[in-house]
Amino acid sequence: MQVTKKWHALYTKPRWEKKVAQLLSKKNIENYCPVNKVARQWSDRKKIILEPLFTSYVFVNIDEKEHLHARTTDGVINFVYWLNKPAVIRNEEIDAIKRFLDDYDNIELEKIPVNQYDEVRITSGLLTGKKGQVVSITGRSAKVILPSLGFMMHAEVKISNIEIIMTKEVPFSENQESKSVAR
């Protein structure tokens, strides 16, 4: 029988992300604590520091037998659950986070509801072939959603490098003016 490892998110105590990642590594548990390069200004200097990208989250690649071992690590509160089971994070999403962090500094995260915008595929550039949900495009700025995490990362993507796969209808609201199309 083949043991299948899957990525899961662990919820940690506040400001324990890096410490939990170190403790998991000491237990030989594969983990990933994405860090963001952020410029901080003090009164006498400016410095680039590494902050966890997802506050209170560390990702672990484990099989079912390792769940208890990961869960009982100091600083871990619990797994992040979806439908009463530890949420599974797709390998593609972990890879996308890694590539995004390699290519961009000072990334911002914004908590969002999932599955409410058009589904798109990037047609050229660094993220060619990747599918995602577009939240907005202003000039050259696009927002990419990681569905299973419910977070959004901001990146510079040319509008010409995006094709629509599926358009979702936006419900009509009283604030919108009715528009008629001449035929």
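Non-local lysine pairs in the range 1-104, meaning eight or more places apart or on different chains, with alpha-carbon distances under 14 Å, amount to 9.
Under the simplified labelling scheme, the Lys65-Asn28 pair shows an inter-label distance of 1.2 nm, with each label point 7 Å from Cα along Cα→Cβ.
Since every read-out is calculated from the coordinates, none of them should be taken as a lab result. Quick caveat: nothing in here was measured; it's all calculated off a predicted structure. Heads up, the Cβs are rebuilt from the backbone with ideal geometry, glycines too, and the neighbour counts pull from every protein chain shown.
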